[in-house]
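Right, one structure below, let's go through it.
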Amino acid sequence: MTAHRDFSVVIPLYNEEENVRPLYEALKPVLDKTGKEYEILFVDDGSSDRTLPQLEDISKIDKKVKVLSFRRNFGQTAAFAAGFDYAQGDVIITMDGDLQNDPADIPRMLDAIQGYDLVSGWRKNRKDPFLSRKFPSRVANWLIGRVTGVRLHDYGCSLKAYKKDVVKNLRLYGEMHRFIPAVANWYGVRVAELETTHHPRLRGKSKYGISRTVKVFLDLITVKFLQSFSTKPIQFFGPIGLLSTTAGFFISFYLAVQKIFFGTPIGGRPLLLLGVLLIIVGIQLIGMGLLGEMLVRVYHESQRKPIYALKKVIGADSEQA
Ligand code: UDP
Ligand code: MG
């Protein structure tokens, strides 16, 4: 089970029947030429066309090819996650299955990863439509860089290389694969960027449209929140809650003084509503922060997950750590 490989190539495929063969034929000579021990992991993401039978045929003649077949379409992120779980290489390379990424870039990725933990491809001359793809992507990359502090030109490029321990520590959800560099940065990994070649899609259809923009935005909020507050949720909800409650308290206090000492009727005043609202919302926010604190403890203590990431332990008895 734990055979050693120098590197693994993980490729998700969803209804790519026309691309399977050309992809394999483009990939194979490049990988052989590296002279290293490798494996190819094709992940069939619940395709309804002939993608799977074709992959099976290839795996029969090529022992370096492994195929993971999903029961249904779980999405590209899940496909990467499965590939990461099964990959045995010291380095793991991911790429698209539609030949938009160029297999010829792989040897350069392998070289580049030497001094780093993660190398992210940058499709400098991206061959996709401008308005529906390149423009939203440019905005997204800028925003993700600003918000997460990990500035990359091209988060969306599937061609990436990882050291094994980076992906083995990752837990991916939803459509999070594009945020891996930002998430991995939490662990303190060294990230590099490498210009890669990009081709237009010649066969088959793209699986995404403009609606992805909204999803990316929502995922970004999640990533930012987890990055900053996943081990201290009260620090996020608490200050807003306190501010809201305090403001509500002063408003209510002011109204109470008016009512009690000056007999002014306050029943019809919008300010009363605001004061009550702020107090309730504030208390709820603090409550949410406290609930979050309990969740953090349940999560980390039930699964013995540390709240830190070690690079190594130096000194006596370090083996057992
Ligand atoms: N893909 C997948 N599951 C999905 C959607 C896409 O495995 O639910 C694969 C797809 O087959 C391709 C890669 O992910 O190999 C990138 O998809 P696509 O080319 O449609 O994205 P684009 O290049 O248009 O951003
Ligand atoms: Mg594509």
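Some observations on this one:
- Of the set (1) closer than 15 Å to C157 by Cα; (2) touching a strand residue (DSSP E or B) at 6+ places or on another chain (Cβ under 7 Å), all apply to D98 but (2).
- Residue satisfying all of: in segment 245-271; among the aromatic types (F, W, Y) and closer than 21 Å to Q284 by Cα; nearest to the chain's Cα centre (by Cα) among these: F249
Yes or no, residue by residue, for (1) away from ligand 2 (no atom under 16 Å from the Cβ); (2) within 30 Å of M288 (Cβ to Cβ); (3) among the hydrophobic types (A, V, I, L, M, F, W, C):
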position: V166; (1), (2), (3): yes, no, yes
position: T197; (1), (2), (3): no, no, no
position: G204; (1), (2), (3): no, no, no
position: K215; (1), (2), (3): yes, yes, no
position: F225; (1), (2), (3): yes, yes, yes
position: G238; (1), (2), (3): yes, yes, no
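- Residue-level check: of (1) within 24 Å of the chain's Cα centre (by Cα); (2) more than 30 Å from P136 (Cα to Cα); (3) not aliphatic (A, V, I, L, M), S228 misses just (2).
- Some residue of segment 23-35 being surrounded by 16 or more Cβ atoms within 10 Å (Cβ to Cβ) and more than 20 Å from G89 (Cβ to Cβ): no
- Of all residues in segment 1-22 being surrounded by 15 or more Cβ atoms within 10 Å (Cβ to Cβ) and of a type in the set (V, I, T), the one that is nearest to L52 (Cα to Cα): V20
- Scan segment 157-185 for residues that are away from ligand 1 (no atom under 16 Å from the Cβ), surrounded by 16 or more Cβ atoms within 10 Å (Cβ to Cβ) and of a type outside the set (V, I, T) and the total you get is 9.
- Of all residues in segment 198-212 being in contact with a helix residue (DSSP H, G or I) (Cβ under 6 Å, 6 or more places away or on another chain) and more than 9 Å from ligand 1 (Cβ to nearest atom), the one that is nearest to I106 (Cα to Cα): R203
- In segment 98-120 there is no residue matching the filter, namely being within 14 Å of ligand 1 (Cβ to nearest atom) and either among the small types (G, A, S) or surrounded by fewer than 15 Cβ atoms within 10 Å (Cβ to Cβ) (or both).
- Looking across segment 1-33, the residues that are more than 14 Å from ligand 1 (Cβ to nearest atom) and either in contact with a Phe, Trp or Tyr (Cβ under 8 Å, 6 or more places away or on another chain) or modelled with pLDDT under 95 (or both) come down to M1, T2, A3, H4, R5, D6, F7, S8, L31.
- Close Cβ contacts (under 7 Å, 6 or more residues apart or on different chains) running from residues in segment 94-119 that are closer than 30 Å to E18 by Cβ and of a type in the set (D, E) to residues that are within 16 Å of ligand 1 (Cβ to nearest atom) and part of a loop (DSSP other than H, G, I, E, B) comprise D96/S158; D98/E16; D98/R201; D98/G204; D102/T197; D102/H199; D105/L159; D105/T197.
The values are calculated or read from the model by the stated rules, or taken from the named source; none is laboratory data. From a predicted model like this one, the values you see are computed outputs, not experimental measurements. Glycine gets a Cβ as well: all are built from the backbone with ideal geometry, and neighbour counts include every protein chain shown.
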